[in-house]
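Q: My questions will all concern the structure given below.
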Amino acid sequence: MAAERRINEGRTRTRENFFGRSRGKTLRPLQADLLAERMPTLGLDLATPAPADLASLFAVPVDAVRLEIGFGGGEHLHLESGRHPATGFIGVEPFRNSMAKMLVALEEDARPNLRLFGDDATLLLDWLPDRSLDGIDLFYPDPWPKRKHWKRRFVNRRTLARFARVLKPGAAFRFASDIETYVDWTLQHLRDHPEFEWLARSPADWHTPYEGWPGTRYEAKAHREGRVGAYLRFRRI
Ligand SMILES: C[S@@+](CC[C@H](N)C(=O)[O-])C[C@H]1O[C@@H](n2cnc3c(N)ncnc32)[C@H](O)[C@@H]1O
């Protein structure tokens, strides 16, 4: 299908870190049309080399660039890109129904400081220049709670090496999850990584949502089921 081809245009290798569904319910005609019409301009084409200065990717001048991986319903990305109009945002989401939802939101309230990518975020990370990002957000990644599936988790040594390469010194990596074993797993991986430091000074730090945090659909479901999120903040040294 044309929209499917376009959303994945420019994939440069096979996926390494996407184990979920990329397709769900049949799209409404408006959503399918938006995917076909908007992704060629809003979507990043990895077949073209990344510009040395990522600011040139955006339709408005920006003085910083941040990445959100797996934005899902887009609640945070849409709000945050509106709160920071002088920052460029790249949003990654391989599930095309979620991407379509974001495109509908953008029709109603456009964001000239936002670009999108509809596939595995590791492909995008490998495309980005060294030290090009001012922040990476990974909120409620797929939890893979069973031990035998932990190797599928987005956080692993390979991904962290990618984060360390593309983040500028001093830039932030933020990670939220409601799954205790994933929070521990992430803390352990980051502690073992010499290029990151955890910024928490007291438990209040990881119990307190990020500034301006709107909540997400996934988080609301976790709360309904009695799980609370941990909001971790790390710094690229
Ligand atoms: C549990 S959902 C959370 C969505 C959203 N962040 C929220 O809090 O509601 C995890 C999301 O990560 C996306 N995802 C999974 N693997 C990914 C990958 N390799 N690259 C980018 N996104 C990915 C999924 O499609 C899904 O939308």
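Every number in this text was worked out from the coordinates using simple rules, so none of it is lab data. Please read all numbers here as calculations on a predicted model, not as lab measurements. No Cβ is skipped: glycine too gets one built from the backbone with ideal geometry, and neighbour counts run over all protein chains shown.
Q: Within the range 152-211, which GluC sites (Glu not before Pro) sit in a loop by DSSP and count at most 16 neighbouring Cβ atoms inside 10 Å?
A: Sparse-neighbourhood loop GluC sites (Glu not before Pro): E195, E211.
Q: Once amide H atoms are placed 1.01 Å from N in the peptide plane, what residues at a sequence separation of 5 or more from G43, or on another chain, have their amide H within under 5 Å of its amide H?
A: L116
Q: May I ask for the distance between the Cα centers of the range 66-85 and the range 120-143, given as a whole number of Å?
A: First find each Cα centre; the distance between them is then 13 Å.
Q: Less than 9 Å Cβ to Cβ from D142, Lys/Arg counted +1 and Asp/Glu -1: what total charge do the surrounding residues give?
A: +2
Q: Moving on to the next point. For the chain, take the longest principal axis of its alpha carbons; what is the angle in degrees between that and the long axis of helix 180-191, to the nearest 10 within 0 to 90?
A: So the helix axis and the longest Cα principal axis differ by about 80 degrees.
Q: Moving on. Within 10 Å of each candidate Cβ there may be at most 14 other Cβ atoms; applying that plus a DSSP loop requirement, which trypsin sites (Lys or Arg not before Pro) in the range 97-188 survive?
A: R131, K146
Q: Percent relative contact order of the range 185-237, based on C-alpha pairs within less than 8 angstrom and at least six residues apart?
A: RCO, the range 185-237: 49 percent.
Q: All other residues with a Cβ under 15 Å from the Cβ of T216 taken together, and with Lys, Arg as +1 and Asp, Glu as -1, what is their net charge?
A: -3
Q: Using alpha carbons only, how many degrees (0 to 90, rounded to 10) separate the axis of helix 157-166 from the longest principal axis of the chain?
A: Tilt of helix 157-166: around 70 degrees.
Q: Would you mind calculating the relative contact order of the range 15-148 from Cα pairs under 8 angstrom and at least 6 residues apart, reporting the percent as a whole number?
A: 34 percent
Q: A follow-up question, please. About its Cα centre, what dipole magnitude does the range 34-140 give when the only charges are +1 on Lys and Arg Cβ and -1 on Asp and Glu Cβ, stated in debye to the nearest 20?
A: 100 debye
Q: Which whole-Hz ³J(HN,Hα) couplings does the range 116-123 yield from phi under the Karplus relation 6.51 cos²θ - 1.76 cosθ + 1.60, θ = phi - 60°, glycine and proline marked x?
A: After applying 6.51 cos²θ - 1.76 cosθ + 1.60, I find 10, 9, x, 8, 4, 5, 5, 5 Hz.
Q: Can you give the local net charge around L199? Use residues other than it whose beta-carbon is closer than 15 angstrom to its beta-carbon, Lys and Arg +1, Asp and Glu -1.
A: Net local charge, L199 excluded: +1.
Q: If I take every Cα pair under 8 Å that is 6 or more residues apart in the range 73-158, average their sequence separation and divide by the length, what percent do I get for the relative contact order?
A: In percent, rounded to a whole number, it is 26.
Q: Any chance you could count the Lys pairs in the chain whose alpha carbons are under 24 Å apart, treating pairs 8 or more apart or on different chains as valid?
A: Qualifying lysine pairs in the chain: 4.
Q: Summing -39500 (n - 2.57) over the DSSP H runs of n ≥ 4 in the chain and dividing by its residue number, what mean residue ellipticity at 222 nm do you reach, to the nearest 500 deg cm²/dmol?
A: -10000 deg cm²/dmol
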